[in-house]
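The values are calculated or read from the model by the stated rules, or taken from the named source; none is laboratory data. Note that the coordinates shown come from a computational prediction; the quantities given were computed from them, not determined experimentally. Reconstructed Cβ throughout: ideal geometry from the backbone, glycine too, with neighbour counts over all protein chains shown. These accessible areas exclude ligands, DNA and RNA; they are computed on the full protein's heavy atoms, side chains included. Shrake-Rupley method; radii C 1.70, N 1.55, O 1.52, S 1.80 Å.
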Amino acid sequence: MKIYKTKDYRGMSRKAAAIIASQVTLKPDSVLGLATGSTPIGTYDELAMLYKQGDLDFSEIRTVNLDEYKGLEPENEQSYFYFMKKHLFERVNINLDSVHIPDGMAADGERECACYEQTIQDLGGIDLQLLGIGHNGHIGFNEPEKVFERETHCVELSGSTIEANKRFFASEEEVPRYAYTMGIGTIMRAKKILLIASGEEKAAIMKQALRGPITPEVPASVLQLHPDVTIVGDEAALSLL
Ligand code: GLP
């Protein structure tokens, strides 16, 4: 596991973008696993800037996102599809036919999860998966559980996740209670993983995830078993390591 500590959020974003940019440069048709939340916004800003400067080409890139809220249409401003369009897809020359996000409106959820898993396999697997981390150690929307869920599945969001994510909605009642997420197995099959974290409020969970016991109660702790993980965090997030 490589750990890069940066001074602040900007530094984290620039380092993470540099790692993703090198992946895109070395393998222009890479399959990138993408994440949402507030942490990767700066990384996407940096990637958009590199594209604008003529330093990056996304024309052959394929993407798969970690997760999506159940019941939100892609046009809904709180959906992760909308987020991705706004923060990355509309700002670079990515082909929208090559981006994949679970369909929050799927009539048959189980089928949607199986299809999503198949899509990732058909793409040849994920070359580089970007991850943020929830306050309870969730990755994607894999909440603390008794077992590691392997494949893409539907989850009931925990109280702490609803609490943390309500800042993006008009009220807590509007936060969807369920979401589709890649499973821990799906994430662990990625060839490379890049986890980013910023801020003091992530320090305790980063210590637990990276130095504590490997347990499904702290989903991100499973990353200790992955052969190619890079952590990029700012001083505050890595202060307890
Ligand atoms: C959401 C997403 C996760 C993300 C987490 C942390 O729940 N599903 O993928 O890592 O939030 O978000 P933030 O980066 O805003 O702290």
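State the number of residues belonging to the range 218-240 that are open to solvent by 20 Å² or more (accessible area, probe 1.4 Å) and in contact with a Gly (Cβ under 8 Å, 6 or more places away or on another chain).
Qualifying residue count for the region: 1.
So the check is Cβ under 8 Å with 6+ separation or different chains; which pairs have a first residue in the range 138-165 that's without any contact (Cβ under 8 Å) to a residue 12 or more places away in the chain and a second one that's of a type in the set (A, V, I, L, M, F, W, C) and within 14 Å of the ligand (Cβ to nearest atom)?
ASN165/LEU157; ASN165/VAL175
I need every pair where a residue in the range 213-241 that is farther than 14 Å from GLU149 by Cα and at pLDDT 95 or above has its Cβ under 8 Å from the Cβ of a residue that is open to solvent by 10 Å² or more (accessible area, probe 1.4 Å) and among the aromatic types (Phe, Trp, Tyr), sequence separation at least 6 or different chains.
THR230/TYR4; ILE231/TYR4; VAL232/TYR4; GLY233/TYR4; ASP234/TYR9
Looking at the range 110-137, which of its residues are open to solvent by 30 Å² or more (accessible area, probe 1.4 Å), under 14 Å from HIS100 (Cβ atoms) and part of a loop (DSSP other than H, G, I, E, B)?
Residues satisfying the conditions are LEU123, GLY124.
Among the numbered criteria (1) within 21 Å of TYR44 (Cα to Cα); (2) away from the ligand (no atom under 16 Å from the Cβ); (3) out of contact with any Phe, Trp or Tyr (no Cβ under 9 Å at 6 or more places or on another chain), which single criterion is violated by GLY124?
(1)
If we only count helices (runs of 4 or more DSSP H) wholly inside the range 1-105, which ones have 1 or more residues that are farther than 19 Å from LEU194 by Cα and within 16 Å of the ligand (Cβ to nearest atom)? If you could, list the steps in order and put the result at the bottom.
Numbers: elements: 9-26, 41-52, 80-87.
Where helices (runs of 4 or more DSSP H) fall fully within the range 1-105 and carry at least 1 residues being farther than 19 Å from LEU194 by Cα and within 16 Å of the ligand (Cβ to nearest atom), they are 80-87.
Show the residue pairs meeting these rules: Cβ distance below 7 Å; 6+ apart or different chains; first residue within the range 95-107 and within 20 Å of GLY124 (Cα to Cα); second residue of a type in the set (Asp, Glu) and not in a helix (DSSP H, G or I).
Every condition considered, the pairs that remain are ILE101/GLU68; PRO102/ASP67; PRO102/GLU68.
In the range 181-212, what count of residues is obtained for those that are in contact (Cβ under 8 Å) with a residue 12 or more places away in the chain and more than 21 Å from LEU123 (Cβ to Cβ)?
Kept after step one, since they are in contact (Cβ under 8 Å) with a residue 12 or more places away in the chain, are these residues of the range 181-212: 181-211.
Next cut, more than 21 Å from LEU123 (Cβ to Cβ) only: 195-211.
Here the count works out to 17.
If I filter the range 138-171 down to residues being within 13 Å of the ligand (Cβ to nearest atom) and in contact with a helix residue (DSSP H, G or I) (Cβ under 6 Å, 6 or more places away or on another chain), which single residue comes out as most open to solvent (accessible area, probe 1.4 Å)?
Looking at the filtered set, the residue picked out is LYS166.
Would you check if SER13 is open to solvent by 20 Å² or more (accessible area, probe 1.4 Å), out of contact with any His (no Cβ under 6 Å at 6 or more places or on another chain) and polar (S, T, N, Q)? Before the answer, list the steps.
Values: open to solvent by 20 Å² or more (accessible area, probe 1.4 Å): no; out of contact with any His (no Cβ under 6 Å at 6 or more places or on another chain): yes; polar (S, T, N, Q): yes.
Criteria not met by SER13.
Quick one: is SER98 of a type in the set (S, T, N, Q) and farther than 30 Å from LEU56 by Cα? Reasoning before the result, please.
Details: of a type in the set (S, T, N, Q): yes; farther than 30 Å from LEU56 by Cα: no.
No, not satisfied.
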